Amino acid sequence: MKKDIYILGIESSCDETSVAIVKNGTEEIATVISSQIDIHKEYGGVVPEIASRHHVKNITIVLEECLEKAKMTMDDIDAIAITYGPGLIGSLLIGLEAAKTLSFIYNKPLIPVHHIAGHIYANSLVKELKFPLLAVVVSGGHTELIEMNDHYKFKKLGGTLDDAIGECYDKVARVIDLEYPGGPKLDKLASVGKPTYKLPIPLQDDSYNFSFSGLKSAVINLVHNEEQRGNEIIKEDLAASFQKVAVESIINKVRKAIVEKNIKNVIVAGGVAANNGLRTAMQELTNELGVELSIPPMKYCTDNGTMIAAAGYYAYLDGRVADLNLNSKSQDTLK
Ligand code: KG4
Ligand code: ZN
């Protein structure tokens, strides 16, 4: 019988300190997440220096709590998976130092995991991945289309040329006075509004790339113009108009990728996978094209150690072991 493999995953790339244990890449044993959203709220976004200080304070507590929850010790762990990047460098380094220390003390392999690989493999905690696969990664820091023809074989088809979609949601939300993170609040408003405002669909070209900064500026200009004319902005309608265009720009490129790359399975990953407009549009598109759609439950969509442990299992099988010289990278292509 094959031996079970237990991976301990550590995630600290932004404002969540998280440690989790996953069995064989698919079964969540225990997860602990310490979120800093309430701390950063008053600044309207994540403050890197404050984030890393909180990671320092939290990391050992979160680790101990996770082992306790799993009723395991470090002796039961086969390898340690760590988000080495991309993300905020000061935040990444705290998780990395913790992972290296554990790897050194307990003599366990150290597995470097790209943050986006984590978001993609969050899906394997729910459903087996089927290839050829298209991962639609939409979060506060990323908007990417990744093609996979096998486990741990990533090919980036395209990505945003400027702002990420989640970042754009948060910035537009600020324009209409919604509290950080405004994405989910904007989504909620959109559901009761009508798309009456005219906004341009960004980057309708032949590439797999996206662009959201022009859309953000278009919203700001629209609000200014209406204010100057003395017209009151109907927030619900503005939210619905923005959401329609933002979702459409994603859907257009996803449709192109499914058709051109003969995709069988589409997965949506990252925080914006919670978006109702995107979920509905993805469901309609994949139904129309006869492709399987997987969207992980919300707890796996936002940043967590579980997804890093799941990805770490497949990276481990792929022989991706690092030594103690491993460094954090604020930017790195998924490969
Ligand atoms: O994956 P995540 O936790 O962070 C990154 O790795 O970047 O995603 C957080 C982002 C935030 O920008 C948040 O506003 C956005 O996801 N978000 C949403 C929704 N829920 C979260 N954006 C639009 N609609 C939502 N329902
Ligand atoms: Zn993320």
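The values are calculated or read from the model by the stated rules, or taken from the named source; none is laboratory data. No experiment lies behind these values; they were computed from the predicted model shown. Cβ sites come from the backbone with ideal geometry, for glycine too, and all protein chains shown count toward neighbours. In case anyone asks, the SASA skips ligands and DNA or RNA and just uses the protein heavy atoms, side chains included. Shrake-Rupley method; radii C 1.70, N 1.55, O 1.52, S 1.80 Å.
Treating r as the C-beta distance of residue 292 and residue 192 and R0 as 41 Å, the FRET efficiency rounds to 0.85. Bridging of residue 329 to lysines at a Cα separation below 16 Å is possible for 100, once same-chain residues fewer than 8 apart are set aside. Could you let me know the centre-to-centre spacing of segment 221-254 and segment 14-46, using Cα atoms, in angstrom? Using only Cα atoms to place each centre, the spacing works out to 32 Å. Among the trypsin sites (Lys or Arg not before Pro) in segment 1-80, those placed in a DSSP loop whose Cβ has at most 11 other Cβ atoms within 10 Å are 2, 3, 71.
Accessible surface calculations at 1.4 Å, restricted to protein heavy atoms, place the chain at 44 Å² per residue.
Ordering 188-197, 264-273 by mean Cβ neighbour count within 10 Å, with the highest value first, yields 264-273, 188-197.
Magnitude of the charge dipole for the chain, about its Cα centre and with charges confined to Cβ atoms of Lys, Arg (+1) and Asp, Glu (-1), is about 580 debye. For segment 128-295, averaging the sequence separation of C-alpha pairs within contact (under 8 Å, six or more residues apart) and dividing by the residue count gives a relative contact order of 28 percent. Computed from label points 7 Å out along Cα-Cβ, the spacing between residue 332 and residue 42 is 3.5 nm. Are any of the pairs 41/188; 3/57; 155/253; 235/299 more than 26 Å apart by Cα-Cα distance, and if so, which? Table pairs above 26 Å Cα-Cα are 3/57; 235/299. Name the long-range amide H neighbours of residue 83: under 5 Å, sequence gap of 5 or more, or other chain; modelled H, no Pro or chain starts. So residue 83 has HN proximity to 10, 12, 113. When Lys and Arg each count +1 and Asp and Glu each count -1, what net charge do the other residues less than 14 Å away from residue 156, Cβ to Cβ, add up to? Net local charge, residue 156 excluded: +2.
About the centre of its Cα atoms, segment 100-155 shows a dipole size close to 180 debye [charges on the beta carbon of Lys, Arg (+1) and Asp, Glu (-1) only; nearest 20 debye].
Computed from point charges on the beta carbon alone (+1 for Lys and Arg, -1 for Asp and Glu), the dipole magnitude for segment 128-295 about its Cα centre is near 220 Debye. By accessible area, using a 1.4 Å probe on protein heavy atoms only, segment 128-295 has 47% of its surface on carbon and sulfur. Over the chain, the pair-distance histogram of Cα-Cα distances with 20 Å bins from zero comes to 32, 55, 12, 0 percent, rounded to whole numbers.
Of all the accessible heavy-atom surface of segment 61-119, with the other protein chains kept in place and a 1.4 Å probe, what percent is carbon and sulfur? Carbon plus sulfur share of accessible area: 57 percent.
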